[in-house]
């Protein structure tokens, strides 16, 4: 049985995607990639919308499309081996000028995943830092070190790939696929993340305070 989870750190300028594969017994691979767009000095709404569309196409997984001959509608089912996508949640404390655009990208991606019947989890940025490094204000270097400890040798070149990989590992730990790290400590943070309903999937219980 082959199954996988995908972690996505969404962003309009930089986006990280990670894929973790489980063979039915253990996690066998963790790969990452990075997508980037370059905004014009004064972007128009059309240019921003085009950048959003490019990022969403790069991030959203899709199965083999098929055409319904009865209604003429093209269906885009989820990949058969994809268990869930784990998204980094919005940063509600951000005050950058691009906060509105970032929120639009997040919700467009979230809606597309739902339209494809892909189960989606969500993890706030500070919770991911607590889960990975034990510090809700962990630096980029601390997060990279945490990833190296959890999965040595993964080729994550950017901070966005690092976050995406950690999101995928958190999902795998929740599913019971990944037993590395500090499961007893991390279980408390898993309980603060938002999880989709996944029938007949092995999970680890969340620890409550």
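The values are calculated or read from the model by the stated rules, or taken from the named source; none is laboratory data. On a predicted model such as this, the values are computed, not experimentally measured, just so you know. Here Cβ is always computed from backbone atoms with ideal geometry, including for glycine, and neighbour counts include all displayed protein chains.
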For this session: Taking residue 140 as meeting all but one of (1) surrounded by 13 or more Cβ atoms within 10 Å (Cβ to Cβ); (2) touching a helix residue (DSSP H, G or I) at 6+ places or on another chain (Cβ under 7 Å), write down the number of the exception.
Result: (1)
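Any chance you could count how many residues in the range 157-184 are in contact with a helix residue (DSSP H, G or I) (Cβ under 6 Å, 6 or more places away or on another chain) and over 15 Å from residue 142 (Cβ atoms)?
Adding up the residues that qualify gives 5.
If a residue has to be assigned to a loop (DSSP other than H, G, I, E, B) and loosely packed, with under 15 Cβ neighbours inside 10 Å to count, how many in the range 1-60 make the cut? Can you show your working first?
Step one: filter the range 1-60 for residues assigned to a loop (DSSP other than H, G, I, E, B), giving 1-2, 10-13, 23-26, 37-44, 60.
Subsequent filtering for residues that are loosely packed, with under 15 Cβ neighbours inside 10 Å retains 1-2, 23-26, 38-42, 44.
Summing the residues that are assigned to a loop (DSSP other than H, G, I, E, B) and loosely packed, with under 15 Cβ neighbours inside 10 Å in the range 1-60 gives 12.
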Exercise. Quick check: anything in the range 117-126 more than 14 Å from the chain's Cα centre (by Cα), modelled with pLDDT of 90 or more and assigned to a helix (DSSP H, G or I)?
Worked result: yes
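So, in the range 50-61, how many residues would count as being out of contact with any helix residue (DSSP H, G or I) (no Cβ under 7 Å at 6 or more places or on another chain) and either closer than 14 Å to residue 13 by Cβ or at pLDDT 95 or above (or both)? Before you say what the answer is, go through the steps one by one.
Step one: list which residues in the range 50-61 are out of contact with any helix residue (DSSP H, G or I) (no Cβ under 7 Å at 6 or more places or on another chain), which gives 50-51, 53-54, 57-58, 61.
Going one step further and asking which of them are either closer than 14 Å to residue 13 by Cβ or at pLDDT 95 or above (or both), we end up with 50-51, 54, 58.
Final tally of qualifying residues: 4.
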For this session: Mind listing whichever residues of the range 148-184 are farther than 18 Å from residue 28 by Cα, surrounded by fewer than 23 Cβ atoms within 10 Å (Cβ to Cβ) and touching a strand residue (DSSP E or B) at 6+ places or on another chain (Cβ under 7 Å)?
Result: 157, 158
Exercise. Is it fair to say residue 190 is at pLDDT 95 or above and over 16 Å from residue 135 (Cα atoms)?
Worked result: no
